[in-house]
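The values are calculated or read from the model by the stated rules, or taken from the named source; none is laboratory data. Keep in mind it's a predicted model, so treat the numbers as computed, not measured. For neighbour counting, all protein chains shown are included, and Cβ atoms are generated from backbone atoms with ideal geometry for every residue, glycine included.
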Amino acid sequence: MHASSTMPEGPGTPSDTVCDVLVVGGGVIGLVTAWRAAQRGLRTVVADPAPGGGAALVAAGMLAAVTELHHGEQRLLALNLASARRYPAFTAELEEASGQDTGYRACGTLAVALDADDRAHLRELHALQQRSGLDSQWLSGRECRRLEPMLAPGVSGGLRVDGDHQTDPRRLAKALLVACERAGVRFHRAEAARITLTGERATGAVLSDGTRVAAGATVLAAGSHSGALAGVPEHVLPPVRPVKGQILRLRVPGPYAPFLSRTVRAVVRGGPVYLVPRENGELVVGATTEELGWDTTVTAGGVYELLRDAHELVPGITELPLVETRAGLRPGSPDNAPLLGPTELPGLLTATGHHRNGILLTPLTGEVMAEVLTTGRLPETALPFSPRRFSNALQELPA
Ligand code: GLY
């Protein structure tokens with residue numbers, strides 16, 4: 001593997017860096033792209049003031065391809081399943097490369113219903129899962145409580161999905177950071193201020209500290225901020241918007257007598273709520289979905305609704321210490337699917353727009369981006385997710 005070269009510095013000027021790949025954004029998607037690119041021998045730089053941060057610091061880490069299935073998202077389902085299948089081997093490789101535990105648990109998920117509306121919703125989801133050839137099993141309320149005794153007596157049925165697992169996004173981000181460092185990725189702790197254009201080609205970026213990074217390929221992987229990099233032509237900017245999620249962390253007191261043994265989720269009053277139990281005693285309760293721009297305020301209403309809905313499912317949670325409340329921004333895209341690969345601007349690629357599936361899609365995103373960066377070809381699985389699908393749609397609009 002090559003090390004990235006640094007040009008001589010003038011007095012008081014930040015150094016200029018030359019590399020094969022500049023990744024703009026050091027969240028899990030940027031880090032996995034950088035790690036996989038470096039593994040393939042590409043000199044890789046990540047620009048981010050705080051790499052290892054971003055939405056992963058907030059996310060619950062559900063790997064919920066089957067329980068988060070939605071009508072009209074069959075192609076996304078195929079991508080999600082392909083990434084879910086990679087998780088065990090990906091985790092093993094990452095843990096080996098970084099020496100860090102990522103908290104991956106093949107624990108399964110139980111989606112439950114309280115009232116007749118919830119049951120109808122779950123029946124509909126079950127039918128969709130069956131039509132899609134997915135593995136899920138309908139349980140009575142009693143069978144649900146036999147699996148998870150802390151569930152409320154009012155739980156009247158549920159779907160058991162043993163294939164939907166979880167990982168710990170904070171530990172995942174930390175492991176990716178270490179794996180990147182060990183693979184020779186260089187970090188510039190600054191924001192990308194604007195992209196550099198040479199003729200009709202992206203050739204790197206100028207960072208907020210004045211550093212100029214010259215790159216053969218620039219990957220925009222800045223999560224919800226990906227739609228705003230200065231210098232990128234308007235029609236090439238990814239149509240990504242922030243979608244706020246508020247989330248809570250509770251603690252099950254040690255020595256972690258099983259409170260919940262798997263992820264429990266439901267749709268209560270039309271809104272999804274989930275409880276994700278970690279082996280270390282953390283219990284994550286999420287998440288709101290709010291279209292409020294860049295707002296990341298934790299509100300009394302958001303916390304109230306999450307606790308109210310979670311309490312209806314698992315009344316015992318009110319006994320647990322509430323240790324953290326937080327809000328983050330999902331990178332939403334017009335079709336809820338990611339934008340992976342080359343844009344209309346030569347030299348500029350995107351790995352963004354993962355919306356609700358960033359953690360789930362981390363393994364596949366790394367693989368896809370490394371493949372396209374080294375061969376120039378987007379793998380078959382990722383073809384429907386090219387960022388060009390949106391610029392093409394614009395071109396087809398009547399004048
Ligand atoms: N995938 C869970 C969420 O976005 O809240």
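What number of residues within the range 188-228 satisfy the criterion of being outside any strand (DSSP E or B) and buried (at least 17 other Cβ atoms within 10 Å of the Cβ)? I'd like the intermediate steps shown before the answer.
First, pick out the residues of the range 188-228 that are outside any strand (DSSP E or B): 189-191, 199-200, 208-211, 221-228.
Pick out the ones that are also buried (at least 17 other Cβ atoms within 10 Å of the Cβ) and you get 190-191, 211, 221-227.
Total meeting the criteria: 10.
Kindly indicate whether Y274 is at pLDDT 95 or above and in a strand (DSSP E or B). Show your work before the answer.
On the way: at pLDDT 95 or above: yes; in a strand (DSSP E or B): yes.
Considered against the rule, which asks whether it is at pLDDT 95 or above and in a strand (DSSP E or B), Y274 comes out as yes.
Please determine, by comparing only the residues of the range 315-372 that are charged (D, E, K, R), within 16 Å of the ligand (Cβ to nearest atom) and not in a strand (DSSP E or B), which one is surrounded by the fewest Cβ atoms within 10 Å (Cβ to Cβ).
Across the range 315-372, the extreme among qualifying residues is D335.
For the range 111-130, state whether one or more residues are away from the ligand (no atom under 16 Å from the Cβ), at pLDDT 95 or above, more than 30 Å from S208 (Cβ to Cβ) and under 23 Å from the mean Cα position of the chain (by Cα).
Yes, the range 111-130 has at least one match.
Check off (1) under 30 Å from V285 (Cβ atoms); (2) surrounded by fewer than 19 Cβ atoms within 10 Å (Cβ to Cβ); (3) basic (K, R); (4) touching a residue at least 60 places away in the same chain (Cβ under 8 Å) for R145 and give me the number that stays unchecked.
(4)
From the set of residues in the range 253-265 that are modelled with pLDDT of 95 or more and away from the ligand (no atom under 13 Å from the Cβ), which is surrounded by the fewest Cβ atoms within 10 Å (Cβ to Cβ)? Quick ask: steps written out before the conclusion?
Keep residues of the range 253-265 that are modelled with pLDDT of 95 or more, which gives 260-265.
Still in the list and also away from the ligand (no atom under 13 Å from the Cβ): 260-262, 264.
Numbers: L260: 22, S261: 15, R262: 23, V264: 25.
Applying the filter and picking the extreme gives S261.
I'd like to check something: does the range 81-95 contain any residue that is more than 14 Å from the ligand (Cβ to nearest atom), surrounded by fewer than 23 Cβ atoms within 10 Å (Cβ to Cβ) and modelled with pLDDT under 95?
no
If S391 satisfies every condition in (1) out of contact with any His (no Cβ under 6 Å at 6 or more places or on another chain); (2) more than 16 Å from the ligand (Cβ to nearest atom); (3) of a type in the set (S, T, N, Q) but one, which is the exception?
If we test S391 against (1) out of contact with any His (no Cβ under 6 Å at 6 or more places or on another chain); (2) more than 16 Å from the ligand (Cβ to nearest atom); (3) of a type in the set (S, T, N, Q), just (1) comes out false.
Hey, does the range 106-122 have a residue that's β-branched (V, I, T) and under 29 Å from E181 (Cα atoms)? Even if it seems obvious, please write down each step before you answer.
Our first condition is that a residue be β-branched (V, I, T); within the range 106-122, this holds for 109, 112.
Now drop any that are not under 29 Å from E181 (Cα atoms), which leaves none.
No, the range 106-122 contains no residue that is β-branched (V, I, T) and under 29 Å from E181 (Cα atoms).
Of the conditions (1) within 13 Å of the ligand (Cβ to nearest atom); (2) surrounded by 18 or more Cβ atoms within 10 Å (Cβ to Cβ); (3) without any contact (Cβ under 8 Å) to a residue 60 or more places away in the chain, G271 fails just one. Which one is it?
(2)
If a residue has to be away from the ligand (no atom under 13 Å from the Cβ), buried (at least 24 other Cβ atoms within 10 Å of the Cβ), under 16 Å from the mean Cα position of the chain (by Cα) and not small (G, A, S) to count, how many in the range 40-73 make the cut?
The number of residues fulfilling the criteria is 1.
Could you please let me know if A37 is over 29 Å from R249 (Cα atoms), crowded, with 20+ Cβ neighbours inside 10 Å and modelled with pLDDT of 95 or more? Walk me through it before giving the result.
Working: over 29 Å from R249 (Cα atoms): yes; crowded, with 20+ Cβ neighbours inside 10 Å: yes; modelled with pLDDT of 95 or more: yes.
So A37 passes the test.
Restricting attention to the range 110-157, which residues are part of a helix (DSSP H, G or I) and among the small types (G, A, S)?
Start the filter on the range 110-157 by keeping residues that are part of a helix (DSSP H, G or I), which leaves 116-131, 141-147.
Within the range 110-157, A116, A120, A127, G141 qualify.
Do we find a residue being in contact with a His (Cβ under 6 Å, 6 or more places away or on another chain) and either within 20 Å of F90 (Cβ to Cβ) or at pLDDT below 95 (or both) anywhere in the range 347-362? Reasoning before the result, please.
Keep residues of the range 347-362 that are in contact with a His (Cβ under 6 Å, 6 or more places away or on another chain), which gives 361.
Among the residues that remain, those that are also either within 20 Å of F90 (Cβ to Cβ) or at pLDDT below 95 (or both) are: 361.
There is at least one residue in the range 347-362 that is in contact with a His (Cβ under 6 Å, 6 or more places away or on another chain) and either within 20 Å of F90 (Cβ to Cβ) or at pLDDT below 95 (or both).
Can you find, within the range 283-306, the residue that is surrounded by the most Cβ atoms within 10 Å (Cβ to Cβ) among those that are touching a residue at least 12 places away in the same chain (Cβ under 8 Å) and away from the ligand (no atom under 16 Å from the Cβ)? Full working, then the answer.
We begin by selecting, within the range 283-306, every residue touching a residue at least 12 places away in the same chain (Cβ under 8 Å); these are 283-299, 302-303, 305-306.
Then keep just the ones that are away from the ligand (no atom under 16 Å from the Cβ); that gives 293-295, 297, 299.
Details: G293: 12, W294: 10, D295: 12, T297: 9, T299: 16.
Here the answer is T299.
Considering every residue within the range 229-242, establish whether at least one is touching a strand residue (DSSP E or B) at 6+ places or on another chain (Cβ under 9 Å), surrounded by fewer than 21 Cβ atoms within 10 Å (Cβ to Cβ), not in a loop (DSSP other than H, G, I, E, B) and not aromatic (F, W, Y).
Yes, because at least one residue in the range 229-242 is touching a strand residue (DSSP E or B) at 6+ places or on another chain (Cβ under 9 Å), surrounded by fewer than 21 Cβ atoms within 10 Å (Cβ to Cβ), not in a loop (DSSP other than H, G, I, E, B) and not aromatic (F, W, Y).
Give me the pairs, please: first residue somewhere in the range 163-187 and at pLDDT 95 or above and surrounded by fewer than 24 Cβ atoms within 10 Å (Cβ to Cβ), second residue anywhere and among the acidic types (D, E) and not in a helix (DSSP H, G or I), beta-carbon distance under 6 Å, and either six or more positions apart or on two chains.
G163/D135
Select from the range 107-142 the residues that are surrounded by fewer than 18 Cβ atoms within 10 Å (Cβ to Cβ), small (G, A, S) and farther than 18 Å from L77 by Cβ and list them in ascending order.
Within the range 107-142, G108, A116, A120, S140 qualify.
Give the range 217-247 a look and list any residue that's away from the ligand (no atom under 16 Å from the Cβ) and closer than 13 Å to F390 by Cβ, or say none. It would help to see each step written out before you state the result.
Step one: of the range 217-247, the residues away from the ligand (no atom under 16 Å from the Cβ) are 217-222, 225-239.
Correct list: S226, G227, E234, H235, V236, L237, P238, P239.
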